[in-house]
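Working notes, structure below.
The values are calculated or read from the model by the stated rules, or taken from the named source; none is laboratory data. Since the model is a prediction, treat every value here as computed from it, not as a measurement. Don't worry about glycine lacking a Cβ; one is built from the backbone with ideal geometry, like all the others, and counts go over all protein chains shown. In case anyone asks, the SASA skips ligands and DNA or RNA and just uses the protein heavy atoms, side chains included. Shrake-Rupley method; radii C 1.70, N 1.55, O 1.52, S 1.80 Å.
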Amino acid sequence: MTTKAVGGIVAAIIGFVAICAGGAMFLLGGAASACTMPMPSGAVTVTGPAGGWQPIGRYDSEQVGLAATIVAAGVQMAIPVRGWVIAVATAMQESDLGNPAGGDQDSIGLFQQRPSQGWGTPQQLHDPVYASRKFYEKLRTVPNWQSLPLTEAAQAVQRSAYPDAYAKHENDATLLVNTVVSSGNRAMSLDLEQCLSNCPEILSSPHPQDSAAGPSSDAAGCEWMAPVHAPIVSGFRTAERPGHDGVDLGAVRGTPIHVASSGTVVVVRCNVAPASRGCDQDGSPSTPGCGWYVDILHAGDVVTRYCHMLTRPMVVEGRQVLAGQVIGVVGSSGHSSGPHLHFEVHVNGDRRPSGAVDPVGFMQAKGVPLGR
């Protein structure tokens with residue numbers, strides 16, 4: 001089965017899908033209905049955006065469609081965002097994001113999986129959906145895979161003769177995942193315990209279109225949620241760190257970061273010194289800057305900031321986002337001694353230190369305790 005043969009199918013990011021896993025709902029596309037169990041095992045076969053997938057960089061429309069297939073399979077299996085990037089990067093290395101009928105020895109398909117090694121039959125491995133699922137099944141068995149460097153996680157699945165080759169594809173894979181998810185309707189994740197019972201309007205409303213408009217009111221009644229669930233490992237302007245304008249939440253590398261409230265993305269930036277260092281590597285306590293970070297403007301001129309992301313954020317400036325939407329993953333870029341999310345809240349639209357307030361008190365007032 002090729003992407004062209006089925007008209008760009010399995011781009012479930014664009015169609016309607018709802019799945020439950022670990023207390024969370026992922027809404028992809030239009031309105032959702034009640035969700036009480038995982039999706040059935042059959043493939044979700046819907047078309048991509050109107051006019052088909054557009055080329056991205058050196059990747060043509062069919063390659064982008066295959067990336068969408070990989071992501072859709074990850075969504076359907078409730079694989080965290082980090083897994084989508086790992087899988088796409090792996091396919092870039094193994095098949096150049098193609099679906100060949102053959103390869104080295106008896107290797108087949110997107111991930112060059114081999115029937116002789118128990119991955120499946122030749123016909124199965126030439127099905128991108130089946131191949132993607134088999135990759136994710138194996139990835140799930142890798143201990144702590146979300147906190148591993150991409151190349152180590154991919155190698156634990158693939159057992160390649162070139163174990164370091166996957167790393168060079170991380171930026172391109174992140175770009176493709178970001179673009180696929182932001183084409184048409186965007187993915188969002190809601191914490192059911194906190195939001196679902198209070199937010200029926202979210203489940204019956206379409207996602208907003210891309211725009212630079214002000215914050216959406218779709219999340220009324222469920223306006224704020226924790227960006228990650230993790231302990232606070234460094235507080236706001238403590239005696240030891242009086243210039244620390246936020247709190248550090250000690251989530252592991254690769255943990256999805258959620259928008260704390262609906263709003264408009266105003267900054268997506270790599271902030272590090274020197275600039276030539278870039279943000280696609282871990283920083284250190286002596287590295288100045290916030291690394292990969294995002295600022296979001298919310299109703300009431302409140303701004304939230306999310307720092308030290310692992311890779312380029314999954315949003316772009318000027319786009320509207322919903323409470324709970326995944327905007328990136330936890331990393332350690334910039335001024336950082338290890339993976340965590342640095343989270344700030346600013347009031348009066350003032351993104352300078354003078355506008356910063358204690359996120360713990362602010363979120364507590366919104367009914368959303370941080371640090372659990």
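Could you tell me what % of all Cα pairs in segment 72-136 have separations over 21 Å? Looking at segment 72-136, the distances longer than 21 Å represent 17 percent of pairs.
Could you provide, to the nearest whole Å², the per residue accessible area of segment 221-279 with probe 1.4 Å?
40
Distance from the alpha carbon centroid of segment 308-372 to that of segment 100-163 works out to 35 angstrom.
Per-residue Karplus couplings for segment 73-80, computed as 6.51 cos²θ - 1.76 cosθ + 1.60 with θ equal to phi - 60°, are listed in order as 5, x, 4, 4, 8, 6, 7, x Hz, Gly and Pro entered as x. Modelled spin labels at Glu240 and Ser116, positioned 7 Å past Cα toward Cβ, are 5.6 nm from each other. Note on segment 252-355: with neighbouring protein chains present and a 1.4 Å probe, carbon and sulfur make up 50 percent of its accessible heavy-atom surface. Sorted from longest to shortest, the spans of the Cα atoms of segment 51-164 along the three principal axes equal 41, 31, 27 Å. If R0 is taken as 22 Å, the Cβ-Cβ distance between Asp106 and Thr141 corresponds to a FRET efficiency of 0.45.
Using equal-weight Cα scatterers in the Debye expression, the normalised intensity of segment 284-337 in log10 at q = 0.16, 0.17, 0.29 Å⁻¹ is -0.50, -0.56, -1.15. Stretching Tyr162 away from Asp60 to a fully extended chain increases their span by 34.2 nm, per 0.36 nm per residue minus the current alpha-carbon distance.
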